[in-house]
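Data block below; observations after.
Read-outs throughout are calculated quantities, based only on the coordinates presented, and are distinct from any laboratory measurement. Every value quoted in this text rests on a predicted model; they were computed, and no experiment measured them. Glycine also receives a Cβ, built like all others from the backbone with ideal geometry; neighbour counts cover every protein chain displayed.
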Amino acid sequence: MLDPRLLRNDPEDVARRLARRGFVFDAAAYADLDARRKTLQTRAEELQAERNTRSKSIGKAKAAGEDIEPLKAAVAGLGEQLDAAKAELATVAGELEAIQAGLPNLPDAAMPDGADEADNVVLREVGTPASFEFPVRDHVEIGESLGGLDAATGAKITGARFTVMTGAVARLHRALIAYMVDAHVETGYTELNVPYIANADSLYGTGQLPKFGDDLFRLAEPDDYYLIPTAEVPVTNIVADEIVDAARLPLRYVAHTPCFRAEAGAAGRDVRGMIRQHQFEKVELINIAHPDDSDACHEAMLARAEAVLAALELPYRVVDLCGGDIGFAAARTFDLEVWLPSQETYREISSISNARDFQARRMGARYRDPETGKPRLLHTLNGSGVAAGRALVAVLENYQQGDGTVRVPRVLVPYMGGLEVIAP
């Protein structure tokens, strides 16, 4: 959530900055509504004060033997006016809160301008895509030939965009996750095991609600629970409504979880294979940082995700997302895109985002300033380190061989019990 003081003091500047994201904010309408709120609040306070004064006068008049009925009638009338003013104030305040909840984060000054992913800026490419002396197969064909990927059974059990993994392919998926978690823990991250179900308040705190409700799997009422779309939700909310000791910052967490997304806005995209599933797994990195350190944390998180792809010896590139492609809660995002030989292109495998104080304001997540003793908003950062399903896709395609086998990346061989090649 944006700082209400910015919206109140200079809504036109907020509108200009949000326009870099392609977001239209009607600053004039917001200012008019906020002015209406101020007027109603002043009116309610005046009525309350007058009602209190009149109420006190009733007791004095009664003690003096005076007729108090006119005074009681006046107080009752003020009470009705006060109730009406409070009701209208609540309505206007609710409208302002709804507008505020729907506003995305302000973009970082260094974020590239642009309308969509075509305007993203490639910062660097690492590794050289391999040349194959045989017809390249995609991960679906490879996985099926190995007896390891079965979308048909997944569809029978549940529906489209679910896959059953079997045997060595399932173990390869598990090996990727185990390696990634271990690698991050070895560099100072604390491993967490968190709930896969979150309440509405947690999803509001990280920005999934109310805007992205259609992309979530909501569980049956009366409990307002949702399957998590990413570990970002439960892990970041650990500091919700907390005041963290500044000496503990940054907090660095890693969590492996399944993720559940309805993909409501992605109809018809990536319907083949495991690129876009309703259920998938990620190894998520979360940093809870002091505002002065959040840029450094952002770069360090990017380096951690890059280290995973480098260890897997997968060609990838780093992309600086433009305003038209950046996520709702992010001020700046770096994407890692891995090379997929079957598509002859790079595809996203990780997004590393700095939300600055946007999520912390929604969650009430703060630290205590050691100099002033006052609580101040934290900065929150999140990113995949990396998406396990897409890493599996990349390994199957980049490590395929002409005889139908798939080599196991060297770093994963110990996690595969010494197995170096997966054969049909």
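Once the Cα atoms are used to define both axes, helix 27-63 deviates from the longest principal axis of the chain by about 40 degrees. Report the antiparallel proportion of the DSSP beta bridges in the chain as a percent, rounded to a multiple of 5. In the chain, DSSP labels about 90 percent of beta bridges as antiparallel.
Using the Cβ-Cβ distance between Ala423 and Ala98 with R0 = 56 Å, the FRET efficiency computed as 1/(1 + (r/R0)^6) comes to roughly 0.45. Over the chain, Cα pairs under 8 Å with separation of 6+ residues give a relative contact order of 20 percent.
The angle between the Cα long axis of helix 388-398 and the longest principal axis of the Cα atoms of the chain comes to about 30 degrees, rounded to the nearest 10. Figure legend: label point modelled 7 angstrom from the Cα of Asp201 along Cα→Cβ; residues of segment 1-39 with amide N under 20 Å from it are 1-2. For helix 69-101, what angle does its Cα long axis make with the longest principal axis of the chain, in degrees from 0 to 90 and rounded to 10? It works out to around 20 degrees.
Amide hydrogen proximity for Glu281: with H placed 1.01 Å from N in the peptide plane, the residues at 5 or more positions away or on another chain lying under 5 Å are Cys259, Ala388, Gly389. 3J(HN,Hα) along segment 179-191: 4, 5, 4, 4, 4, 6, 4, 4, 9, x, 7, 9, 6 Hz, from the Karplus curve 6.51 cos²θ - 1.76 cosθ + 1.60 with θ = phi - 60°, whole Hz, x for Gly and Pro.
Counting only residues at least eight positions apart within a chain, or on another chain, the aspartates and glutamates with an alpha carbon under 13 Å from that of Lys38 are Glu46, Glu88. Net length available on complete extension from Ala247 to Arg174 is 22.7 nm, with 0.36 nm assigned per residue and the Cα-Cα distance removed. Using the Karplus relation 6.51 cos²θ - 1.76 cosθ + 1.60 with θ = phi - 60°, the per-residue 3J(HN,Hα) values for segment 7-16 come to 5, 6, 8, 8, x, 5, 5, 4, 4, 5 Hz, with x marking Gly and Pro. Each principal axis of the Cα cloud of the chain was evaluated for its coordinate range; sorted largest first, these ranges are 107, 47, 39 Å. Stretched out straight at 0.36 nm per residue, the stretch from Leu192 to Thr53 would grow longer than its current Cα-Cα span by 44.3 nm. Spin-label pair Lys156-Ala115: with each label point 7 Å from Cα along the Cα-Cβ axis, the two points sit 4.7 nm from one another. Provide the FRET efficiency to the nearest 0.05 for the Arg124-Glu45 pair, computing r from the beta carbons and using R0 = 45 Å. Efficiency at R0 = 45 Å is approximately 0.20.
Using a Förster distance of 51 angstrom, determine the FRET efficiency expected from the C-beta separation of Lys86 and Gln343, and round it to 0.05. For R0 = 51 Å, the calculated efficiency reads 0.30. Under the combined filter of DSSP loop state and at most 11 neighbouring Cβ atoms within 10 Å, segment 82-172 retains these GluC sites (Glu not before Pro): Glu133.
Longest span of the chain, sites excluded, free of trypsin sites (Lys or Arg not before Pro) in DSSP loop with at most 12 other C-beta atoms within 10 Å? Answer from the scan: 1-268.
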